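Right, one structure below, let's go through it.
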Amino acid sequence: MPIVTRNGFSTAGPIDAVSLEAPEAAEAETVLVSSEADVERLLARNSPVSLVQIPFRNSHDGVGYSLARLLRNRGYTGRIRARGDIISDQFRYALACGFDEVEISEALAARQPEEHWLGDIAPARSYRDKIQKPAIEAPASVFAETVTRVTHYTDRLFSFRITRPASFRFRAGEFVMIGLPDAGRPVYRAYSIASPAWDEEIEFFSIKVPDGALSSKLAHIRVGDSIWMKKKPTGTLVLDALRPGKRLWMFSTGTGFAPFASLIRDPETYEKFDKVIVTHTCRQVAELKYGFDCVAGVREDPLIGEFAGDKLVHYPSTTREESRTMGRITTLIETGQLFSDLGVPALSSVTDRVMICGSSEMLADVKALCERFGLAEGSNSKPADFVIEKAFVG
Ligand code: A2P
């Protein structure tokens, strides 16, 4: 069977893994672990195990990742192999959870060749290998970071990830100024951080404005390129700027989803609210994909998925292409469709807190609606019922 490791493809003969429940498992060097109980039994064994195999029933199966993490957290140092439905997109995550290798079928190896599997992880290795003095010296006020991944969603939208400086701290929902290396006067723009505070990289979700001073250039960045990021994050779309409440609404259009991508991946959001409802309105269905992927990521993550549980509600809509829910968020609020679709009462200053991120017209319109419902605008220094991000350009 083809085996994928950090170094690429290899072939291994079939190994008879013994389930830990089987009597002969006490002596076996290769065992199959499929539940937390098995992990405990494995750790309690006297004789060492050299290879643990963890089965994946389907590509949405998150249990295997938790088991690998648990084994590593509990000090298991042998090899861990994933078997079953894992695809190349998940390889990076599997490695991060403690897997050493993945056993795949011949059919999958043919469909997803070696470069699919290594494409995602190779940059992470090579940028460290070739850390070199950047061609242009970065000013003292900025971090010079390296692009580790770029994903294009449509001809207008893309996301990218960069390395994270060890000293860089931020609160979920904040933004930073980013720019490209320039010996002259670099152009900086405010970008909401889309990744959660616990992530080892920083993620951004960006629009491509053909004549935009920065975004037109950013749209061409590639893995390995350098990005300048100012050292001080800031912003008002933070949990600290809201009074305690029951429901948290996050209204976004287009790339305004970015700060919420960070907040919905932050356990604190779920500690503070019983319901977390993130709405995302775009012109076309394809523009909603980043949001769908983020929410799916939350649900699949063994840790955040547990916090989010059924608290997280995703409410996408489109305005210029047929989809399940059509209409601007303002219309959906005004007609009451939003509330009836979700089976919750309309906004109230007693229970509801709101964050808004989108174009300046959208901000103004949603803000007016919030005020009509009796909600008051808050800030870092004066927490209240709703907050908007004025620095956002999207
Ligand atoms: P519409 O298609 O009716 O303009 P954009 O891509 O222009 O940034 O817009 C993103 C989404 O935000 C679109 O679905 C757009 O709807 C919607 N939108 C634009 N302006 C407003 C507004 N003032 N209030 C609510 N939604 C808006």
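Report yes if Val285 is β-branched (Val, Ile, Thr), away from the ligand (no atom under 16 Å from the Cβ) and in contact with a strand residue (DSSP E or B) (Cβ under 9 Å, 6 or more places away or on another chain), otherwise no. So Val285 does not fit the description; no. Name the single residue that is nearest to the ligand (Cβ to nearest atom) among those in the range 351-381 being touching a residue at least 40 places away in the same chain (Cβ under 8 Å) and surrounded by fewer than 17 Cβ atoms within 10 Å (Cβ to Cβ). The qualifying residue nearest to the ligand (Cβ to nearest atom) is Ser359.
Report whether or not Arg79 is basic (Lys, Arg), within 23 Å of Pro302 (Cα to Cα) and under 26 Å from the mean Cα position of the chain (by Cα). Don't jump to the end; show me each part of the working.
Values: basic (Lys, Arg): yes; within 23 Å of Pro302 (Cα to Cα): yes; under 26 Å from the mean Cα position of the chain (by Cα): no.
For Arg79, the condition - basic (Lys, Arg), within 23 Å of Pro302 (Cα to Cα) and under 26 Å from the mean Cα position of the chain (by Cα) - is not met.
Is it true that some residue in the range 295-308 is within 16 Å of the ligand (Cβ to nearest atom) and modelled with pLDDT of 95 or more? Within the range 295-308 (the criterion being within 16 Å of the ligand (Cβ to nearest atom) and modelled with pLDDT of 95 or more), the answer is no, since none of the residues qualifies. Taking first residues from the range 140-162 that are closer than 13 Å to Tyr290 by Cα and partners that are within 16 Å of the ligand (Cβ to nearest atom) and in a loop (DSSP other than H, G, I, E, B), the Cβ contacts under 6 Å between residues at least 6 apart in sequence or on separate chains come to Arg156/Lys208.
Considering the conditions (1) touching a helix residue (DSSP H, G or I) at 6+ places or on another chain (Cβ under 6 Å); (2) touching a residue at least 60 places away in the same chain (Cβ under 8 Å); (3) part of a loop (DSSP other than H, G, I, E, B), Lys390 is excluded by exactly one of them, (1). Whether any residue in the range 39-55 is closer than 21 Å to Glu306 by Cα, surrounded by 14 or more Cβ atoms within 10 Å (Cβ to Cβ) and more than 26 Å from the chain's Cα centre (by Cα) is what I want to check. Checked the range 39-55: at least one residue is closer than 21 Å to Glu306 by Cα, surrounded by 14 or more Cβ atoms within 10 Å (Cβ to Cβ) and more than 26 Å from the chain's Cα centre (by Cα). When the residues of the range 182-213 are filtered to those that are of a type in the set (A, V, I, L, M, F, W, C) and closer than 18 Å to Pro267 by Cα, the one that is surrounded by the fewest Cβ atoms within 10 Å (Cβ to Cβ) is Trp198.
Condition first: exposed (fewer than 11 other Cβ atoms within 10 Å of the Cβ) and not hydroxyl-bearing (Ser, Thr, Tyr). Now tell me which residues in the range 1-26 satisfy that. Result: Asn7, Gly13, Pro14, Asp16, Pro23, Glu24. I'd like the residue in the range 191-213 that is in contact (Cβ under 8 Å) with a residue 40 or more places away in the chain and within 16 Å of the ligand (Cβ to nearest atom) and, out of all such residues, is nearest to Leu239 (Cα to Cα). Applying the filter and picking the extreme gives Ser192.
Of all residues in the range 296-317, how many are closer than 17 Å to Thr281 by Cα and acidic (Asp, Glu)? The qualifying residues number 0.
Does Val344 fit the bill of being surrounded by 13 or more Cβ atoms within 10 Å (Cβ to Cβ), modelled with pLDDT of 95 or more, part of a loop (DSSP other than H, G, I, E, B) and not assigned by TED's automatic domain parsing to the domain that holds Phe204?
Values: surrounded by 13 or more Cβ atoms within 10 Å (Cβ to Cβ): yes; modelled with pLDDT of 95 or more: yes; part of a loop (DSSP other than H, G, I, E, B): yes; not assigned by TED's automatic domain parsing to the domain that holds Phe204: yes.
Taking the combined requirement at face value, the residue satisfies it.
Can Leu363 be described as at pLDDT 95 or above and not assigned by TED's automatic domain parsing to the domain that holds Gly64?
Yes: the conditions hold for Leu363.
Can we say Val49 is touching a residue at least 12 places away in the same chain (Cβ under 8 Å), within 24 Å of Glu300 (Cβ to Cβ) and assigned by TED's automatic domain parsing to the domain that holds Gln112? Spell out the reasoning first.
Working: touching a residue at least 12 places away in the same chain (Cβ under 8 Å): yes; within 24 Å of Glu300 (Cβ to Cβ): no; assigned by TED's automatic domain parsing to the domain that holds Gln112: yes.
No: the conditions fail for Val49.
Mind checking whether some residue in the range 327-350 is within 11 Å of the ligand (Cβ to nearest atom), of a type outside the set (S, T, N, Q) and in contact with a His (Cβ under 6 Å, 6 or more places away or on another chain)?
no
What are the residues in the range 309-320 that are out of contact with any Ser or Thr (no Cβ under 6 Å at 6 or more places or on another chain) and more than 13 Å from the ligand (Cβ to nearest atom), if any? Can you show your working first?
Within the range 309-320, the subset out of contact with any Ser or Thr (no Cβ under 6 Å at 6 or more places or on another chain) is 309-314, 316, 318-320.
Passing the criteria: Gly309, Asp310, Lys311, Leu312, Val313, His314.
Which members of the range 86-99 meet the condition of being farther than 14 Å from Pro302 by Cα and either small (Gly, Ala, Ser) or in contact with a Leu (Cβ under 9 Å, 6 or more places away or on another chain) (or both)? Matches in the range 86-99: Ile86, Ile87, Ser88, Phe91.
The values are calculated or read from the model by the stated rules, or taken from the named source; none is laboratory data. Computed from a prediction, not measured in an experiment: that's the story for all the values here. Virtual Cβ from ideal backbone geometry, glycine too; neighbours counted across all protein chains shown.
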